[in-house]
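Below is one structure, written out as structure tokens; comments come after it.
The values are calculated or read from the model by the stated rules, or taken from the named source; none is laboratory data. As the structure is a computational prediction, the values presented were derived from the model and not from experiment. Methodologically, a virtual Cβ is constructed for each residue, glycine included, from the backbone with ideal geometry; neighbour enumeration extends over all protein chains shown. For the accessible areas, the whole protein counts, side chains as well, though only heavy atoms, and no ligand, DNA or RNA atoms are used. Shrake-Rupley method; radii C 1.70, N 1.55, O 1.52, S 1.80 Å.
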Amino acid sequence: MRLVELAAEKAGQSGAARVVAVHLRLGALAGVAKEALRFSFDVVCQGTGLEGARLVIDEVPVVVMCPRCRTERVLGQVLRFCCPACGTPTADVVRGRELELAALEVSDDAPAHC
Ligand SMILES: [Zn+2]
């Protein structure tokens with residue numbers, strides 16, 4: 001997964017000793033299942049600097065722009081592309097498609113003696 005490689009790269013650039021957690025933003029329309037993402041993360045991280053890091057997934061709801069209210073509206077669980085306030089159909093998706101690296105939690109602590 002390119003995203004995980006990107007995270008590893010960024011962690012390396014920051015010079016951090018250890019990545020504690022990787023935060024991802026996952027839009028409801030990204031077309032990726034959370035479970036699949038976790039699985040690939042575990043697989044890709046093995047043997048890298050990210051091994052043992054937690055994967056934190058921030059789920060992003062679908063937000064559309066209603067042409068009538070001229071307001072951004074958050075769609076509920078059911079993906080009907082209508083404004084929840086006035087019912088006007090809209091396909092103008094503002095957020096909800098993203099799959100991106102949100103943040104890296106790193107630790108500069110020296111590893112414990114062993
Ligand atoms: Zn509306």
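Compactness of segment 1-52 was expressed as the Cα radius of gyration divided by 2.2 N^0.38 Å, which yields 1.16.
Spin-label model, residue 97/residue 71: points 7 Å from Cα along the beta carbon direction are separated by 2.5 nm.
Here the accessible area is traced with a 1.4 Å probe on the protein chains. For the chain, carbon and sulfur cover 51 percent of it. Evaluated over the Cα positions of segment 47-103, the convex hull gives a direction-averaged projected area, one quarter of its surface, of 5.2 nm².
Per residue, the convex hull spanned by the Cα atoms of the chain measures out at 120 cubic angstrom. Each residue of segment 87-104 was assigned a 3J(HN,Hα) from its phi angle through the Karplus expression (A = 6.51, B = -1.76, C = 1.60, θ = phi - 60°), giving x, 5, x, 8, 10, 8, 7, 8, 9, x, 9, 6, 9, 8, 6, 8, 6, 10 Hz with x at Gly and Pro.
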